[in-house]
Amino acid sequence: MNVAVIGGKLQGLEAAYLAKKAGWQVLVVDRKPDVPAAVICDQFCCLDINRREEFLARLKGIDLIIPALENRPVLEKITAAGEESGIPVAFDPAAYDISASKSVSDRLFSKIGIPAPRAWPDCSFPVIAKPSCSSGSEGVLLIRGPREMELFKENVGAEFRDWVVQEYLNGPSYSIEVVGHRGAYRAMPVTELEMDDLYDCKRVLAPPALSDHHRDQFAQIAVEIAQKLRLKGIMDVEVILHRGELKVLEIDARLPSQTPIAVYQSTGINMLKSLAAAFLEGRIPAEESLPRLQKASIFEHIVVSPGKLVVSGEHAVSAAGPLSYCEDFFGADEALTNYRPGNENWTATLIITGSCRAEAFDKRDRVIEKIRGELGISYYNDPVPAVKEFIS
């Protein structure tokens with residue numbers, strides 16, 4: 001099968017990796033030549049899709065279009081190109097529009113009774129403020145009390161209405177994906193998320209350290225949201241486990257990054273194959289037909305500079321330029337990296353598996369030590385979350 005991945009950043013890297021694991025031929029299209037997914041695909045086309053005729057010409061022979069970006073006007077052009085060419089586009093515009101706004105999605109959670117952080121002012125301080133249409137940890141601020149809230153409101157002015165302000169919750173974070181089509185929905189395995197000091201995801205673990213009860217509850221919550229959205233495509237849901245209760249932080253109705261590879265390495269389930277079945281065959285694979293491989297997987301990002309190795313959130317990968325696929329990378333099962341012998345500055349996404357979490361972490365630690373030993377690295381840092389406080 002021939003697929004076109006539109007967008008070569010983090011989502012594009014995820015899509016290209018999974019498509020190659022499925023044995024497909026992969027074309028990646030991006031207007032920039034140095035995106036992370038530029039070299040792990042079979043073909044890369046540096047093209048602005050606003051050049052409509054050229055874009056349509058490159059789609060000849062393609063069986064499925066996979067959008068891998070979050071630019072709404074570009075997504076509209078991709079959808080239009082799919083309609084004109086008759087090629088299915090693995091994307092749900094209506095569900096995406098709801099998930100792209102935290103204000104709109106939070107209203108949906110409230111309407112259907114999905115547990116979520118309480119909105120200010122119906123909660124106590126501290127609170128988290130985030131632009132409604134931002135992605136991930138972008139723009140997140142911690143506000144500790146009434147005086148800081150007044151200063152924050154004065155600072156943003158009329159734009160305050162475009163911010164979501166909610167109670168600040170502590171606890172581990174988890175993610176789950178749902179694939180939906182024609183009223184059928186399949187929840188995928190749960191993953192555990194670990195964050196860096198910018199609250200950007202630095203590490204994904206599968207399976208998670210989460211009880212069976214909470215896993216089942218999480219799957220039910222995710223499917224209920226997908227049903228209300230009448231999802232046609234894929235969506236991910238992120239929650240925090242706070243005082244024994246799962247609370248939904250956000251949803252994204254588009255192909256996610258990081259978690260699908262962790263799930264694939266742990267279970268053998270390739271979400272991209274399920275997504276393709278939905279759009280090309282009009283069906284969701286039955287649960288009993290999905291692979292049942294059970295390993296522990298660790299998916300994490302590192303940044304190396306002279307004398308330093310730092311575990312980092314995915315923002316570092318998006319700025320690393322083209323990444324190559326490697327096996328047995330300093331002892332890691334696989335890696336996506338721009339490392340070359342002699343390089344002093346490089347980035348890698350490490351993919352490590354073991355029979356259990358303890359074995360996977362033992363291997364992971366050996367990988368880190370091998371990199372440090374062979375390259376003479378003395379400084380190591382694995383940062384933990386530190387939400388930026390509001391300063392007037």
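The values are calculated or read from the model by the stated rules, or taken from the named source; none is laboratory data. All values reported here derive from a predicted model rather than from experimental measurement. Using ideal geometry, Cβ is built from the backbone for each residue, glycine included, and neighbour counts are taken over all protein chains shown. For the accessible areas, the whole protein counts, side chains as well, though only heavy atoms, and no ligand, DNA or RNA atoms are used. Shrake-Rupley method; radii C 1.70, N 1.55, O 1.52, S 1.80 Å.
Of note:
- Scanning the range 152-179 for residues that are part of a helix (DSSP H, G or I), open to solvent by less than 40 Å² (accessible area, probe 1.4 Å) and touching a strand residue (DSSP E or B) at 6+ places or on another chain (Cβ under 9 Å) yields F152, V156.
- Residue satisfying condition, being out of contact with any Leu (no Cβ under 7 Å at 6 or more places or on another chain) and more than 25 Å from R357 (Cβ to Cβ), within set E245, E250, E287, E177: E250
- Residue identified as open to solvent by less than 30 Å² (accessible area, probe 1.4 Å), among the aliphatic types (A, V, I, L, M), part of a helix (DSSP H, G or I) and on the phi < 0 side of the Ramachandran plot among L231, L275, L255, L246: L275
- Unique match (being part of a strand (DSSP E or B), farther than 18 Å from P285 by Cα and not hydrophobic (A, V, I, L, M, F, W, C)) among E192, E224: E192
- Scanning the range 339-359 for residues that are in contact with a Ser or Thr (Cβ under 6 Å, 6 or more places away or on another chain) and either over 23 Å from C41 (Cα atoms) or of a type outside the set (G, A, S) (or both) gives N345, T353.
- Taken as a whole, the range 235-242 holds at least one residue that is open to solvent by 10 Å² or more (accessible area, probe 1.4 Å), over 24 Å from N2 (Cβ atoms), touching a Gly at 6+ places or on another chain (Cβ under 9 Å) and among the aliphatic types (A, V, I, L, M).
- Any hit, the range 23-41, residues being modelled with pLDDT under 95 and either surrounded by 24 or more Cβ atoms within 10 Å (Cβ to Cβ) or outside any loop (DSSP other than H, G, I, E, B) (or both): no
- Count of residues meeting criterion [touching a residue at least 60 places away in the same chain (Cβ under 8 Å) and either under 13 Å from T337 (Cβ atoms) or not basic (K, R) (or both)] in the range 303-313: 7
- Top-ranked residue in the range 56-71 [being more than 21 Å from the chain's Cα centre (by Cα) and surrounded by fewer than 17 Cβ atoms within 10 Å (Cβ to Cβ); ranked as nearest to L13 (Cα to Cα)]: D63
- Subset tally (residues that are touching a Gly at 6+ places or on another chain (Cβ under 7 Å) and either open to solvent by 30 Å² or more (accessible area, probe 1.4 Å) or at pLDDT 90 or above (or both)) for the range 125-151: 2
- Single match in R283, R292, R357 (criterion: in contact with a helix residue (DSSP H, G or I) (Cβ under 9 Å, 6 or more places away or on another chain), open to solvent by 30 Å² or more (accessible area, probe 1.4 Å) and closer than 21 Å to P207 by Cα): R292
- Some residue of the range 334-344 being among the basic types (K, R) and open to solvent by less than 80 Å² (accessible area, probe 1.4 Å): no
- Restricting R186, R182 to residues that are in contact (Cβ under 8 Å) with a residue 40 or more places away in the chain, in contact with a strand residue (DSSP E or B) (Cβ under 6 Å, 6 or more places away or on another chain) and not hydrophobic (A, V, I, L, M, F, W, C) narrows the list to R186.
- Number of residues in the range 155-179 that are more than 29 Å from R230 (Cβ to Cβ) and without any contact (Cβ under 8 Å) to a residue 12 or more places away in the chain equals 5.
- Wholly within the range 72-124, helices (runs of 4 or more DSSP H) carrying at least 3 residues that are under 30 Å from G244 (Cα atoms) and open to solvent by 50 Å² or more (accessible area, probe 1.4 Å): 102-112
- Residue among I128, I87 that is among the aliphatic types (A, V, I, L, M) and either over 25 Å from L193 (Cβ atoms) or without any contact (Cβ under 8 Å) to a residue 24 or more places away in the chain (or both): I87
- Filtering the range 197-221 to residues that are assigned to a helix (DSSP H, G or I) and open to solvent by 20 Å² or more (accessible area, probe 1.4 Å) leaves D212, H213, H214, R215, D216, Q217, A219, Q220.
- Every residue from the range 322-333 that is free of Cβ contacts under 8 Å to residues at least 40 places away in the same chain and out of contact with any Lys or Arg (no Cβ under 7 Å at 6 or more places or on another chain): C326, E327, D328, F329, A332
- Filter result (within 15 Å of G61 (Cβ to Cβ) and surrounded by fewer than 24 Cβ atoms within 10 Å (Cβ to Cβ)) within the range 1-21: M1, N2
- Search result, residues across the range 166-214 that are within 18 Å of the chain's Cα centre (by Cα) and among the aliphatic types (A, V, I, L, M): I176, V178, V179, A187, M188, V190, L193, M195, L198, V204, L205, A206
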